[in-house]
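Undergrad: Dumping the structure here so I can ask a few things about it.
The values are calculated or read from the model by the stated rules, or taken from the named source; none is laboratory data. Keep in mind that what you see is a predicted model, and the values were worked out from it rather than measured. As a convention, Cβ positions derive from the backbone with ideal geometry for all residues, glycine included, and neighbour counts pool all protein chains shown. Side chains are part of the model used for accessible areas, which takes the heavy atoms of the whole protein and leaves out ligands, DNA and RNA. Shrake-Rupley method; radii C 1.70, N 1.55, O 1.52, S 1.80 Å.
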2 protein chains.
Amino acid sequence: MARTRDALTHDRVLQAALALADSEGLEALSMRRLGSELGVEAMSLYRHVPNKKALLDAMVDSIVHDWIDDEATPAADWRRHIGAIMHRAHATLLARPWAVELVTVRPRVGDGRLRYAESITTALLEAGFTPQLAHHGLHIVDGTIMGFTAQQARRPTAAALGDRVQALYNGDLTADYPGISVTIREHHDHDEEYALMVDLVIDGLARLRDGNEPPRTGSGASYVLSLA
Amino acid sequence: MARTRDALTHDRVLQAALALADSEGLEALSMRRLGSELGVEAMSLYRHVPNKKALLDAMVDSIVHDWIDDEATPAADWRRHIGAIMHRAHATLLARPWAVELVTVRPRVGDGRLRYAESITTALLEAGFTPQLAHHGLHIVDGTIMGFTAQQARRPTAAALGDRVQALYNGDLTADYPGISVTIREHHDHDEEYALMVDLVIDGLARLRDGNEPPRTGSGASYVLSLA
DNA sequence: TTTCGGTTGCTTACGGTGTAAGCTTACGCC
DNA sequence: GGCGTAAGCTTACACCGTAAGCAACCGAAA
């Protein structure tokens with residue numbers, strides 16, 4: 001057998017793992033299964049990957065890396081730059097729903113994640129944000145991507161399994177839950193809703209930079225409340 | 001042995017599961033281990049819980065239930081009401097970091113989640129939000145809680161394992177990552193940063209309601225970009 | 001050409017997991 | 001007092017990640 005021809009490599013393993021997760025979901029991704037997908041025994045994979053967690057980390061980083069667009073110039077307009085990244089991240093994750101749980105849970109910092117963070121941070125710094133605000137800004141952008149996308153990515157599953165949700169639609173729970181019984185029937189376009197959130201966040205960032213800080217009644221006071 | 005005295009119940013199993021996760025983390029929570037914690041064989045648990053996933057769902061719902069405060073009156077001020085919920089959720093999750101991955105990943109709708117959603121939705125409706133905007137608002141609040149808290153909850157672990165992060169602190173990567181090399185040294189108080197985000201979101205919601213829509217340059221245009 | 005070192009993949013094995021099926025025990029009730 | 005029934009136990013299965021050691025093949029040196 002021509003061993004050299006289709007030799008295993010770290011990258012081939014990684015790509016196969018991504019493909020398997022894409023086609024059959026994350027829980028189908030076992031080392032044995034992945035091996036058989038490559039026509040190889042499970043333990044052979046360990047020549048190219050230290051362990052499964054490292055493989056998952058590599059998968060995450062490969063995905064996050066796609067969030068930034070190498071071609072694009074740094075973008076004169078920081079709003080467009082950051083907005084584009086947020087939308088690209090959203091699209092990527094919705095296309096690979098299984099990745100959401102990985103990305104939100106595994107904190108390892110690889111090249112992809114670093115370059116993504118760098119891209120956002122420098123955009124903010126160049127736009128006149130203080131280092132501290134840029135720091136917060138990165139977290140705000142990051143949190144928004146993760147939180148919002150996670151919620152949307154898991155929704156299809158929720159709908160499929162929705163026991164109570166069905167009852168809500170039927171109006172059977174109007175007495176107990178009058179509010180959501182109304183709003184649940186609202187039309188719901190993921191991309192549109194996300195765009196709303198992206199604008200809200202970017203606008204909020206601009207406002208922070210410009211120092212229009214204390215919002216009207218200062219809901220920050222509620223923070224003190226929460227400690228009681 | 002007085003069987004009746006310390007009989008197993010669904011609730012006792014649930015509480016033990018929460019306690020075990022609290023003390024030893026989520027991955028220590030196996031059915032065998034949980035059984036032994038209750039002085040019982042693993043399979044005995046299945047009398048009170050259909051399977052492990054259902055147990056995890058129950059754990060999630062029990063946590064989310066704590067996000068709303070039954071005592072509190074509906075709160076005249078919707079900002080304070082929603083802000084308080086967001087801060088309570090944040091505090092709860094930071095106290096139980098293992099819960100983050102569960103809450104963000106498991107979509108099942110239990111009583112806790114429904115009541116939480118209802119509480120936020122009615123607050124928005126009563127504050128004059130249209131049903132559609134209230135619907136979006138719930139998702140925005142929900143996504144913010146999850147995303148932002150997830151990010152903060154996993155940070156300690158990241159710091160512990162930070163291989164690259166250390167290099168960043170040392171300034172070894174300044175050439176490759178000038179931006180984050182600067183901002184990573186910024187002081188970082190979780191609660192303060194979260195309060196910033198909460199205010200940003202609530203303020204953004206108010207702005208949406210009042211129709212001050214198109215932010216300056218309309219970063220929404222970037223959304224179109226992201227489709228290309 | 002022959003040998004040899006090193007890489008690559010395979011085999012076997014261990015201790016863990018969730019849980020299906022069936023057995024035993026002991027309680028509450030007639 | 002006997003019995004139905006529910007609670008808990010035992011055994012077993014198919015899977016998981018991976019440690020340890022072995023076999024086969026490669027390219028390079030002799």
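Undergrad: Would you mind stating whether A:VAL182 is farther than 22 Å from A:VAL64 by Cα and either at pLDDT below 85 or in contact with a Phe, Trp or Tyr (Cβ under 9 Å, 6 or more places away or on another chain) (or both)?
TA: On the way: farther than 22 Å from A:VAL64 by Cα: yes; either at pLDDT below 85 or in contact with a Phe, Trp or Tyr (Cβ under 9 Å, 6 or more places away or on another chain) (or both): no.
The answer is no for A:VAL182.
Undergrad: Being exposed (fewer than 14 other Cβ atoms within 10 Å of the Cβ) and part of a helix (DSSP H, G or I) is the filter here, so list the residues in the range A:179-201 that pass it.
TA: Residue satisfying the conditions is A:GLU192 alone.
Undergrad: Further question: Among residues belonging to the range A:166-178 that are part of a helix (DSSP H, G or I) and open to solvent by 50 Å² or more (accessible area, probe 1.4 Å), point out the one that is nearest to the other protein chains (Cβ to nearest Cβ).
TA: Looking at the filtered set, the residue picked out is A:PRO178.
Undergrad: Could you grab me the full set of residues in the range B:95-105 that are facing chain A (nearest Cβ under 9 Å) and open to solvent by 20 Å² or more (accessible area, probe 1.4 Å)? Quick ask: steps written out before the conclusion?
TA: As a first pass, look at the range B:95-105 and keep what is facing chain A (nearest Cβ under 9 Å): B:100-101, B:104-105.
The answer is B:GLU101, B:VAL105.
Undergrad: For the range A:65-138, please list each of the helices (runs of 4 or more DSSP H) lying entirely inside it that holds at least 3 residues being in contact (Cβ under 8 Å) with a residue 60 or more places away in the chain. Before the answer, list the steps.
TA: Working: elements: A:78-95, A:97-105, A:111-126.
The qualifying helices (runs of 4 or more DSSP H) are A:78-95, A:97-105.
Undergrad: I'm trying to understand the selection: among the residues of the range A:76-128, which are of a type in the set (A, V, I, L, M), more than 14 Å from A:ASP61 (Cβ to Cβ) and in contact with a Phe, Trp or Tyr (Cβ under 6 Å, 6 or more places away or on another chain)?
TA: If the condition is that a residue be of a type in the set (A, V, I, L, M), more than 14 Å from A:ASP61 (Cβ to Cβ) and in contact with a Phe, Trp or Tyr (Cβ under 6 Å, 6 or more places away or on another chain), then A:ILE85, A:ALA123, A:ALA127 are the ones that fit.
Undergrad: Moving on. With respect to B:THR144, determine if the residue is facing chain A (nearest Cβ under 9 Å), open to solvent by less than 10 Å² (accessible area, probe 1.4 Å) and not hydrophobic (A, V, I, L, M, F, W, C).
TA: Values: facing chain A (nearest Cβ under 9 Å): yes; open to solvent by less than 10 Å² (accessible area, probe 1.4 Å): yes; not hydrophobic (A, V, I, L, M, F, W, C): yes.
Judged against the criteria, B:THR144 is a match.
Undergrad: Consider B:ALA21 against the criteria (1) facing chain A (nearest Cβ under 10 Å); (2) in a helix (DSSP H, G or I): it satisfies all of them except one. Which criterion is unmet?
TA: (1)
Undergrad: I'm trying to understand the selection: among the residues of the range B:30-74, which are among the hydroxyl-bearing types (Ser, Thr, Tyr), within 8 Å of DNA strand C (Cβ to nearest atom) and open to solvent by less than 70 Å² (accessible area, probe 1.4 Å)?
TA: Step one: of the range B:30-74, the residues among the hydroxyl-bearing types (Ser, Thr, Tyr) are B:30, B:36, B:44, B:46, B:62, B:73.
Narrowing further to those that are within 8 Å of DNA strand C (Cβ to nearest atom): B:30, B:46.
B:SER30, the sole residue that qualifies.
Undergrad: Moving on. So which residues in the range A:20-29 are open to solvent by 30 Å² or more (accessible area, probe 1.4 Å) and touching a residue at least 12 places away in the same chain (Cβ under 8 Å), if there are any at all? Working first, answer last.
TA: Quick first cut of the range A:20-29, residues open to solvent by 30 Å² or more (accessible area, probe 1.4 Å) only: A:22-24, A:26-27.
Listed by number, the residues that qualify are A:ASP22, A:LEU26.
Undergrad: Does A:ILE63 qualify as being among the hydrophobic types (A, V, I, L, M, F, W, C) and under 18 Å from A:LEU124 (Cα atoms)?
TA: Details: among the hydrophobic types (A, V, I, L, M, F, W, C): yes; under 18 Å from A:LEU124 (Cα atoms): no.
No: the conditions fail for A:ILE63.
Undergrad: If only one of B:ARG80, B:ARG113, B:ARG108 is more than 8 Å from every other protein chain (Cβ to nearest Cβ), open to solvent by 20 Å² or more (accessible area, probe 1.4 Å) and basic (Lys, Arg), which one is it? Walk me through it before giving the result.
TA: Numbers: B:ARG80 fails: more than 8 Å from every other protein chain (Cβ to nearest Cβ); B:ARG108 fails: more than 8 Å from every other protein chain (Cβ to nearest Cβ).
Every option except B:ARG113 fails the conditions.
Undergrad: Can you tell me which of (1) without any contact (Cβ under 8 Å) to a residue 24 or more places away in the chain; (2) within 16 Å of DNA strand C (Cβ to nearest atom); (3) assigned to a loop (DSSP other than H, G, I, E, B) is the one B:LEU8 doesn't meet?
TA: Unmet condition: (1).
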